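Heads up, the thing below is written out as structure tokens.
The values are calculated or read from the model by the stated rules, or taken from the named source; none is laboratory data. Predicted model only: the values in this text are computed from it and were never measured. Here Cβ is always computed from backbone atoms with ideal geometry, including for glycine, and neighbour counts include all displayed protein chains. When the accessible area is computed, the model is the full protein with side chains, heavy atoms only, and any ligands, DNA or RNA have been set aside. Shrake-Rupley method; radii C 1.70, N 1.55, O 1.52, S 1.80 Å.
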Amino acid sequence: MNRFPAYISLDDRPVLIIGGGASALAKARLMVTAGATLTVIGEKLSRETKSALKGKARLIERAPVVADIEASVLVFITEGANDQVERWVEAARIAGVLVNVVDRPEYCDFTTPSIIDRGRVTVSISTDGAAPVLGRKLRADIEALLPSKVGSLADFADQYRDAVKSKINESERRQFWERFFEGPIAAQVLTGDEAGAHEAMLALINGPASEAREGVVHIVGAGPGDPDLLTIKALRLLQRADVILYDRLVSDDILALARRDAERFYVGKAKANHAVPQDEIEARLVAFAREGKMVVRLKGGDPFIFGRGGEELETVRAAGIPVFTTPGITAAAGCAAAANMALTHRDHSQAVTFVTGHAKGEGEPDLDWSALAALKNTLVVYMGVSKADSIGAKLIAHGREASTPVAVIEKGTRADQKIIKGTLGQLGQLIDAGSVIGPALLVIGEVAALADGETLLAIAQKERLVA
Ligand SMILES: C[S@@+](CC[C@H](N)C(=O)[O-])C[C@H]1O[C@@H](n2cnc3c(N)ncnc32)[C@H](O)[C@@H]1O
């Protein structure tokens, strides 16, 4: 560590910025946010500087003098010829005023870090002037991990510090706060439900000590497979989870992003091969939460689209355990983007319908085929691979043209995705020719003609070349 990081209170304290251009304005904005009494002096102040700082800083258009420097606690020098800068730095040193000269680390008593500002919570990153771009990149990475309401969480905790002190023994206090920040009340604050959080906090502080060990369940969408398509919130939850129960469609790349010491349980179901029955999954969610754990139920795509997320939510809620949902990118949206195909398009389709091709047992899905065929818009079939042939035949029998474009998208958004295009009349053939096993979507409608992908002809030609 070459420089010691410290947080300085600048509330109503005099800060001087020498210069009137973009660099001066950038520093000035920081100082205004920090509450400093700011003076900006330069022989020429730009129009932007004047208008942005009007009413927020004293703006003086002339060369600075030593008395300006002596009257300040911090000085930023953002412009000036070498000999001028040296004179100002010397004047600051004699007066004991800390000085920063932009892009001249050799003159700097202090540097300004990259800052993440969430109210009471701030994070600062310094590379000691060695690599400012790296500092900014790290800032972006950390920004993504910090909930936007983390400052409110700090304020919330502050409001209860005295109450917690008076109700909870010193020996248990630290543990109380650790559990609090991982628990459901903190989650409520972070989701913006402050009123509910206050109610729960009062009950917690005034109730029996055991309530402090309450767990929480987060039902989280993992998206269609590409880890970059996880939401920032899902990533944060994965990095805080004690226990993760995940499905078959959650990729290893996504699990690799989870907290290293989180317990992980595979509870996936292949069709007609339920590795862990649904009621057993729900029972485990409740049991882990009752142990006081932060449980993430991680599901492919979006939990509320053909994901049984609703059933799990109801069971957990009925057990009196706080439960929160984080949406994910559903397969239809992910696959459409992967194939560069809009699901609705003003020229081709005014609506999109999602259906499941899966039926309980081995039977046919219970769908209103004539209504679906009559829609003439985009139809996306989830879990339709094994019934693709009969789905195509039924739609045609109920009036949809056999020439309607279709796209079959397997493992969309993943490195090994496959997209095959053809017509509704060829649906079964497309699955066979592409050796599609799944997970795959069938997209039926005019928009499918827009998809990037291989036709039957292209597949046949490729096979001939290989043979
Ligand atoms: C049980 S459903 C879960 C859907 C999920 N909740 C969602 O919102 O995407 C599983 C089906 O989603 C579709 N699916 C999920 N991920 C997919 C992907 N990466 N590519 C194509 N289809 C996918 C397949 O039809 C698969 O059989």
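Some points to look at:
- Being within 12 Å of the ligand (Cβ to nearest atom), within 18 Å of ARG248 (Cβ to Cβ) and out of contact with any Ser or Thr (no Cβ under 7 Å at 6 or more places or on another chain) is a property that ILE329 has.
- Subset of the stretch 300-320 (residues that are among the charged types (D, E, K, R), within 13 Å of the ligand (Cβ to nearest atom) and either farther than 14 Å from VAL220 by Cα or assigned to a helix (DSSP H, G or I) (or both)): GLU311, GLU312
- Qualifying residue in the stretch 265-278 (condition: within 16 Å of the ligand (Cβ to nearest atom) and under 20 Å from the mean Cα position of the chain (by Cα)): no
- Some residue of the stretch 241-249 being touching a His at 6+ places or on another chain (Cβ under 7 Å), of a type in the set (Phe, Trp, Tyr) and either open to solvent by less than 50 Å² (accessible area, probe 1.4 Å) or within 16 Å of the ligand (Cβ to nearest atom) (or both): no
- Taking residues in the stretch 221-237 that are in a helix (DSSP H, G or I) and within 13 Å of the ligand (Cβ to nearest atom), and partners anywhere that are open to solvent by 40 Å² or more (accessible area, probe 1.4 Å) and not basic (Lys, Arg), the pairs with Cβ atoms closer than 7 Å and at least 6 places apart or on different chains are PRO227/ASP253; PRO227/LEU257; LEU229/ILE329.
- Candidates are the residues of the stretch 279-299 that are open to solvent by 20 Å² or more (accessible area, probe 1.4 Å) and either aliphatic (A, V, I, L, M) or within 13 Å of the ligand (Cβ to nearest atom) (or both); the one that is farthest from PRO439 (Cα to Cα) is ALA287.
- Sole residue being of a type in the set (S, T, N, Q), in contact (Cβ under 8 Å) with a residue 60 or more places away in the chain and open to solvent by 50 Å² or more (accessible area, probe 1.4 Å), chosen from THR344, THR325: THR344
- Cβ-Cβ under 8 Å pairs, at least 6 apart or on other chains, the stretch 1-25 side over 20 Å from THR127 (Cβ atoms), far side assigned to a loop (DSSP other than H, G, I, E, B) and among the acidic types (Asp, Glu): ILE18/GLU79; GLY19/GLU79; GLY20/GLU43; GLY20/GLU79; GLY21/GLU79; ALA24/GLU79
- Being closer than 30 Å to GLY268 by Cα, in the same structural domain as LEU343 (by TED's automatic domain parsing) and not aliphatic (A, V, I, L, M) holds for only one residue in GLY428, GLY399, GLY422, and it is GLY428.
- Being open to solvent by 30 Å² or more (accessible area, probe 1.4 Å) and within 18 Å of the chain's Cα centre (by Cα) holds for only one residue in ARG259, ARG308, and it is ARG259.
- Pairs where the first residue, in the stretch 421-443, is touching a residue at least 12 places away in the same chain (Cβ under 8 Å) and of a type in the set (Asp, Glu) and the second is assigned to a strand (DSSP E or B) and surrounded by fewer than 21 Cβ atoms within 10 Å (Cβ to Cβ), C-beta under 7 Å, 6+ apart: none
- Residue in the stretch 104-127 that is of a type in the set (Phe, Trp, Tyr) and touching a helix residue (DSSP H, G or I) at 6+ places or on another chain (Cβ under 7 Å) present: yes
- Residue in the stretch 210-218 that is more than 16 Å from VAL295 (Cβ to Cβ), at pLDDT 95 or above and not aromatic (Phe, Trp, Tyr) present: no
- Strands (runs of 3 or more DSSP E) enclosed by the stretch 351-419 - at least 2 residues per element that are open to solvent by less than 20 Å² (accessible area, probe 1.4 Å): 378-382, 405-410
- Of all residues in the stretch 116-139, those satisfying the criterion of being open to solvent by 60 Å² or more (accessible area, probe 1.4 Å) and under 18 Å from the mean Cα position of the chain (by Cα) are ASP117, LYS137, LEU138, ARG139.
- Cβ-Cβ contacts under 6 Å between residues 6 or more apart (or on different chains), taken from a first residue in the stretch 278-299 that is in a loop (DSSP other than H, G, I, E, B) to a second residue that is not charged (D, E, K, R), are listed as GLY292/GLY215; LYS293/GLY215; LYS293/VAL243.
- Screening LEU450, LEU456, LEU424 for residues that are touching a Gly at 6+ places or on another chain (Cβ under 8 Å), of a type outside the set (Gly, Ala, Ser), open to solvent by 10 Å² or more (accessible area, probe 1.4 Å) and more than 14 Å from the ligand (Cβ to nearest atom) leaves exactly one candidate, LEU456.
- Pairing residues of the stretch 445-457 that are farther than 21 Å from ALA373 by Cβ with residues that are open to solvent by 40 Å² or more (accessible area, probe 1.4 Å) and assigned to a helix (DSSP H, G or I), at Cβ distances under 8 Å and at least 6 apart in sequence or on separate chains, gives GLU454/LYS462; LEU456/GLN426; LEU456/GLN429.
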